[in-house]
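> One structure is given below, represented as structure tokens, and several questions about it will come after.
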Amino acid sequence: MSFSGVKLPEFDTLVARHTAVARQMEELASQLYGELTSAGLDTTPAERIRKLAAQVGQEAEDLRKRQRIVREIERHKITLGASIATGSLIAVPDSLRQAQGQLDGALAAKAAIAAGRGDAKAMAELQRYAGRVNDPDFVKAFLAGLGAKGITELPAALGLQVRANVTSTRDPQQVKQVQQVMKLLSTALAKGTNPQDEAFMGEAYLDQLIKEGRAEHKALEVTYVGYQAQALIWRASDGKPPFSKRFMEVVGRDAIVHQKELSDSRTPYANSMDLATVLGISDSMQPGGPRMGQPGEPIKASVIDDLSQAAQYSLPAAQALLFHTPKGWKKSILEYLLTDRLDGFNKTGNHAPFAALLQKALSGKDKESLKYTNDALVILKKELDGVFRAGADGRLEVKDPAKLERLSFLSGPMGVVMAAHIDQIFGVFDDRNPEMKNISRAEMDRLLLFAARHEGASKALIGAEAQRMMAKIQESYRRDGGRSMENLLPPEARFMGHLLETRRLVLLAQAKSDEQARAEVKSMISGVLGELTGPVGKLATRFGFLGDKAHEKLTPAAFEKLSALMAEQLIRGGLSMDEALNRASTERGMTMWMIEQMIAGAALAHGKLSDQARAEMKGAPFATNGDPPAFKPLDKIIADPAAYDAFIEWARLHFKIEARTQKVRLDMDNSAAFDVHDNLGINRGY
């Protein structure tokens, strides 16, 4: 950014003279034009002067705009320059937009400071600047005007006003204004601490935030550590924009180290609560996202809860925070939070921010995500040691409910993380050299059992494995017309058996009857299939119509899309007619129905029909009357239950679905009834 030095009062004289010259040149051009026209001469010289006058006029208008900005700077006593012997030298950017942004940012900072002192007029004025946070010049001037100390102390000043309001006037408008200011601070700080943003304030500003975060501050009778106040700014984040990787590397990591230092000490700040919780106004300072804490209870939030809230929206930021071992530590931050700090999350009941942070950081497909996912699962398996066992009747029971409750909030995020790494989870059961290290099959079944306690996590795992099955079916038809399916699908079926059975066992351990447990798992699978074939489902494609003989020229990628589209429509149609739920007596039967629809979809996309298959299409309700007959549009087949049933029976026969799935069905049953039970040390077959 370049600047022009504006010297006062000479600048005022320049503006006045420039304006006068533009007006005089326009008058001269008009007079000359009239005289040349009267004399019948060429008017070109007058036109040239008129163009020059217009240019000078534009320059004069630009100078007048700058003059107005300078006057505002003077009027508000904003320092953007220096005093000299003959007047003032004010630095104004060459761009008027930048100049206006700087002025507004400086004015917003002044208003924020005044609002912190209780100036209601300044608070109202500050609302006008909420829309300026996308202007980097505004943000830089705003943050510079507050400084790291000011941005640390402002939440405390505003929090005290909210406390006074809550205990006396109870003005909801004032609380709303404070929340809006906190959002402004959060957005500005996220932008100003991101090196990729034009508003970046530099490394020195990050260092100042650490200094103020560790320092002790005082507002009225309240003494607090700076991070307790900064945490309220992090808490107001909704990820638009997210806090950056660099912020988490510098400020985020230090905040966690500092919180551990405090928790290891006997200082008054050892409880690590944020300032809103200390002041008893946490509900009033709730950000715009999902409500923190436990439903029906007053919100309690720690500094680390609030930091998790800010870090959860960006994969690089989440990983920068968790995938790091501070100097002098023997554990990574991830391991510390999953072990020593676990009780802190249960103390506040603020599980959602850390759960979201964990899920974001570990769900990436990069090697670091896989490594730390492996670490997290090893930690979790150790924590789960002794939680599940066989009861006196040989059935699964929870031996240590208190320990399970302590870990309970991790079942959802860790289950979703496991689904994100479904190939590696599968490899523990089927690969002789699995990528997941230090986790046995029995231990993985306990981890799956733990994840299955959360319905969403269980759905994610089953959905991810359904994708693997679909890929194997497509691979088989692409390779050899489906002949290799008998070798490719059984390992997948065995793994699916582990996923289904652990969910059923969890429900049984929750005092559900076998009938209730199976019904719930069947219903869940129906939901999984509905999601897979929905608008954002992974099976769903927008490949278009099923053209006649389109399969003959399909590339492998196009075949997969067409195969997925057909399977999607078959599954969706079957679900809409409740065929799967009605025909399947168990959750494994429901899953086999899904596999059959996938096979039918891939087989149809592959499209190599025998003469006998073509012959038996004649007169079928799902076929046209042509010679040879062709399939009616699939949506019409699905819309007619009789045609759909006839089509599925024809497909089973001519695509050899029953023969190709016989071993699949047997392996899934054996895995669920025997392998899972043996791994968990409980009776088989119940």
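> Give me, ordered by chain and number, the residues 5 or more places off Arg389 or on other chains with an amide H under 5 Å from its own placed amide H.
Hits under the 5 Å cutoff: Glu397, Lys399.
> Hey, what do the phi angles of the range 367-376 turn into as Karplus ³J(HN,Hα) couplings, whole Hz, using 6.51/-1.76/1.60 and θ = phi - 60°, x for Gly and Pro?
5, 5, 4, 5, 4, 6, 5, 4, 4, 5
> Another question, if that's okay. Given a 1.4 Å probe and every protein chain left where it sits, what share in percent of the accessible area of the range 417-495 is carbon and sulfur? Don't jump to the answer; show the numbers that get you there.
Working: 1100 of 2930 Å².
The C+S portion of the solvent-accessible surface of the range 417-495 is 38 percent.
> Follow-up. Could you go through the range 200-205 in sequence order and give the Karplus-derived ³J(HN,Hα) for each residue, using 6.51 cos²θ - 1.76 cosθ + 1.60 with θ = phi - 60°, rounded to whole Hz, and x for Gly and Pro?
4, 8, x, 5, 4, 5
> With just the Cα atoms of the range 409-507, tell me how far they stretch along each of the three principal axes, in Å, largest first.
The principal-axis extents, from largest down, are 45, 27, 21 Å.
> In whole angstrom, how far apart do the alpha carbon centroids of the range 584-598 and the range 104-148 sit?
Between the Cα centre of the range 584-598 and that of the range 104-148, the gap is 61 Å.
> Follow-up. Distances longer than 12 Å among the Cα atoms of the range 466-507: what percent of all pairs is that? Kindly include the intermediate steps, with their values, before the conclusion.
Numbers: 518 of 861 pairs.
Across the range 466-507, Cα pairs with separations above 12 Å total 60 percent.
> Could you go through the range 560-565 in sequence order and give the Karplus-derived ³J(HN,Hα) for each residue, using 6.51 cos²θ - 1.76 cosθ + 1.60 with θ = phi - 60°, rounded to whole Hz, and x for Gly and Pro?
4, 5, 5, 4, 5, 4
> Relative contact order for the chain: what percent, with Cα pairs under 8 Å and sequence separation of 6 or more?
On the way: 985 pairs, mean separation 52.3, N = 686.
Rounded, it is 8 percent for the chain.
> What is the ratio of the Cα radius of gyration of the range 126-280 to 2.2 N^0.38 Å, where N is its residue count, to two decimals? Numbers along the way, then the final one.
Details: Rg = 15.3 Å, N = 155, 2.2 N^0.38 = 15.0 Å.
My calculation over the Cα atoms of the range 126-280 gives 1.03.
> Taking the C-alpha atoms of the range 293-426, how large are the radius of gyration and the largest Cα-Cα span, Dmax, in Å?
That works out to 15.7, 51 Å for Rg and Dmax.
> Please work out, to two decimal places, the log10 of the ratio I(q)/I(0) at q = 0.20, 0.27, 0.28 Å⁻¹ from a Debye calculation in which every Cα of the range 285-358 carries one identical scatterer.
After summing over all Cα pairs, the log10 values are -0.85, -1.32, -1.37.
> Moving to a separate point now. State the three equivalent ellipsoid semi-axes of the range 134-219, derived from the C-alpha gyration tensor as the square roots of 5 times its eigenvalues, in descending order and whole Å.
Numbers: eigenvalues 142, 53, 12 Å².
Each semi-axis is √(5λ); the values are 27, 16, 8 Å.
> Given H placed on each backbone N at 1.01 Å, which residues far from Ser302 in sequence or on other chains put an amide H within less than 5 Å of it?
Here Asp274 satisfy the definition.
> My understanding is that a pair violates if its Cα-Cα distance is over 19 Å; which of Lys331/Lys381; Lys561/Lys618; Lys260/Lys367; Lys472/Lys538; Lys331/Lys399; Lys121/Lys176 do that in this structure? Write out the running numbers ahead of the final one.
Values: Lys331/Lys381 17 Å; Lys561/Lys618 28 Å; Lys260/Lys367 28 Å; Lys472/Lys538 15 Å; Lys331/Lys399 29 Å; Lys121/Lys176 15 Å.
Listed pairs above 19 Å: Lys561/Lys618; Lys260/Lys367; Lys331/Lys399.
> Next question. For P(r) over Cα pairs in 10 Å bins from 0, in percent, one of (i) 3, 13, 17, 16, 15, 13, 10, 7, 4, 2, 0, 0, 0; (ii) 3, 13, 20, 22, 20, 14, 6, 1, 0, 0; (iii) 3, 16, 25, 25, 16, 9, 4, 1, 0 was computed from the structure I shared and the rest are decoys. Which label?
Given (i) 3, 13, 17, 16, 15, 13, 10, 7, 4, 2, 0, 0, 0; (ii) 3, 13, 20, 22, 20, 14, 6, 1, 0, 0; (iii) 3, 16, 25, 25, 16, 9, 4, 1, 0, the structure-derived one carries the label (i).
> Return P(r) of the range 262-326 (all Cα-Cα pairs; 10 Å bins starting at 0; whole %; ordered from short to long distances).
19, 41, 33, 7
> Taking the solvent-accessible surface of protein heavy atoms with a 1.4 Å probe, what is the per residue accessible area of the range 445-516 in Å²?
Working: 2330 Å² over 72 residues.
I get 32 Å² per residue for this part.
> Next up: What fraction of the Cα pairs in the range 208-292, stated in percent, has a spacing above 18 angstrom?
Working: 1634 of 3570 pairs.
Beyond 18 Å sits 46 percent of the P(r) for the range 208-292.
> Using just the Cα positions, wrap the range 567-644 in a convex hull and report its mean projected area in square nanometres, one decimal place. Intermediate values should be presented prior to the final figure.
Working: hull surface 21.2 nm².
With the hull built on Cα positions only, its mean projection is 5.3 nm².
> Moving to a separate point now. In the range 230-269, how does Rg compare with the Kirkwood Rh, expressed as the Rg/Rh ratio over alpha carbon atoms? Walk me through the numbers before you get to the answer.
Details: Rg = 12.3 Å, Rh = 11.5 Å.
The Rg/Rh ratio comes out at 1.08.
> Separate question: Distance from the Cα centre of the range 614-643 to that of the range 649-685, in angstrom?
Each part's Cα centre sits 31 Å from the other's.
The values are calculated or read from the model by the stated rules, or taken from the named source; none is laboratory data. Note that the structure is a prediction, hence the values are computed from the model and not measured. The accessibility values were calculated without ligands, DNA or RNA, using every heavy atom of the protein model including side chains. Shrake-Rupley method; radii C 1.70, N 1.55, O 1.52, S 1.80 Å.
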